[in-house]
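**Q** Handing you a structure now.
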Amino acid sequence: PVAIRLEADAARLDPLVVTGEVVVSPEFTRRRQRGLGYFVTAEDLERAGSREVSQYLQRLPVLRIFGELGRTYAVSERGTKLDMDGNPTVCAMRVALDGKVLPEGTSLDILPPSWVGGIEVYAGPASLPAELSALARDARCGLIVLWGRPGGGGGR
């Protein structure tokens, strides 16, 4: 019989740190690289610690945030628009989710920030990409596109 004695000589490794971006959509990434408009990433929202999407968006210079009857909406700094009777009214920005424009009056805070993968904000028709201008009938007031995190969100 042969006795073999082994001693543990484990090498200590530095902790493994994984970093990266939440991958939202190819459209978001492509338009962000073009730089037309304002872009907010999931990491931006996380760093800011905002409780609501609207709370973060109020930092942007192209809009003002208002709340009424349980909904929060953005008004363009571009001024007013005319209603059906020709009277001036606030220029409320439209909201889209994952590339689909939502009904007028949809609240900005339909998703908690932890479920948002990215946000695109376009102040008006001059900055609105062609592929989005067809979606928004009221592009004069701008468009806010929310992108949900892949897999339904919920944070990391």
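The values are calculated or read from the model by the stated rules, or taken from the named source; none is laboratory data. A quick note: this is a predicted structure, and the numbers were derived from the prediction, not measured. Don't worry about glycine lacking a Cβ; one is built from the backbone with ideal geometry, like all the others, and counts go over all protein chains shown. These area figures cover heavy atoms from the full protein model, side chains too; ligands, DNA and RNA do not enter into them. Shrake-Rupley method; radii C 1.70, N 1.55, O 1.52, S 1.80 Å.
**Q** How much accessible surface does D14 have with a 1.4 Å probe, in Å² rounded to 10?
**A** The accessible area of D14 comes to roughly 140 Å².
**Q** Mind checking the per residue accessible area of the chain for me, 1.4 Å probe, whole number of Å²? Write out the running numbers ahead of the final one.
**A** Working: 9910 Å² over 156 residues.
Ligands and nucleic acids excluded, the result is 64 Å² per residue.
**Q** About the Cα centre of the chain, what is the dipole size in debye to 20, counting +1 per Lys and Arg Cβ and -1 per Asp and Glu Cβ, all else neutral? Each step should come with its number before you reach the end.
**A** On the way: 19 positive and 19 negative charges, 42 e Å.
Charge dipole, the chain, about its Cα centre: 200 debye, nearest 20.
**Q** Round to a whole number: what % of the accessible area of the chain belongs to carbon and sulfur, probe 1.4 Å? Walk me through the numbers on the way to the answer.
**A** Working: 5260 of 9910 Å².
The computed percentage sits at 53.
**Q** Report the extension gain between A10 and Q58 in nm, rounded to one decimal, defined as 0.36 nm multiplied by the number of residues separating them, less their alpha carbon distance.
**A** Details: separation 48, 0.36 × 48 = 17.28 nm, distance 5.26 nm.
This chain segment gains 12.0 nm when fully extended.
**Q** Additional query: Compute, for V90, the solvent-accessible surface of its heavy atoms (probe 1.4 Å) with the complete set of protein chains present, and express it in square angstrom to the nearest 10.
**A** It works out to around 80 Å².
**Q** Please report the equivalent ellipsoid semi-axes of segment 1-66, computed as sqrt(5 x eigenvalue) of the Cα gyration tensor, largest first, in whole Å. Working shown, then result.
**A** Working: eigenvalues 518, 53, 15 Å².
Rounded to whole Å, the semi-axes are 51, 16, 9.
**Q** Ok, one more. Per residue Cα convex hull volume for the chain, in cubic angstrom? Write down the numbers at each step before the final one.
**A** Values: hull volume 27.2 nm³, N = 156.
Taking only Cα atoms, the chain has a hull volume of 175 Å³ per residue.
**Q** Which value at 222 nm does the chain reach when only helices count, each DSSP H run of 4 or more adding -39,500 (n - 2.57), with the total divided by all residues and rounded to the nearest 500 deg cm²/dmol? Could the numbers behind the result be given before it?
**A** On the way: 4 runs with 25 residues, N = 156.
So the calculated ellipticity at 222 nm is -3500 deg cm²/dmol.
**Q** Let me ask something else. Take the Cα of F66, step 7 Å along the line toward its Cβ, and report every residue of segment 89-117 whose backbone nitrogen sits under 11 Å from that point.
**A** Counting backbone N atoms under 11 Å from the label point, the list is 89-93.
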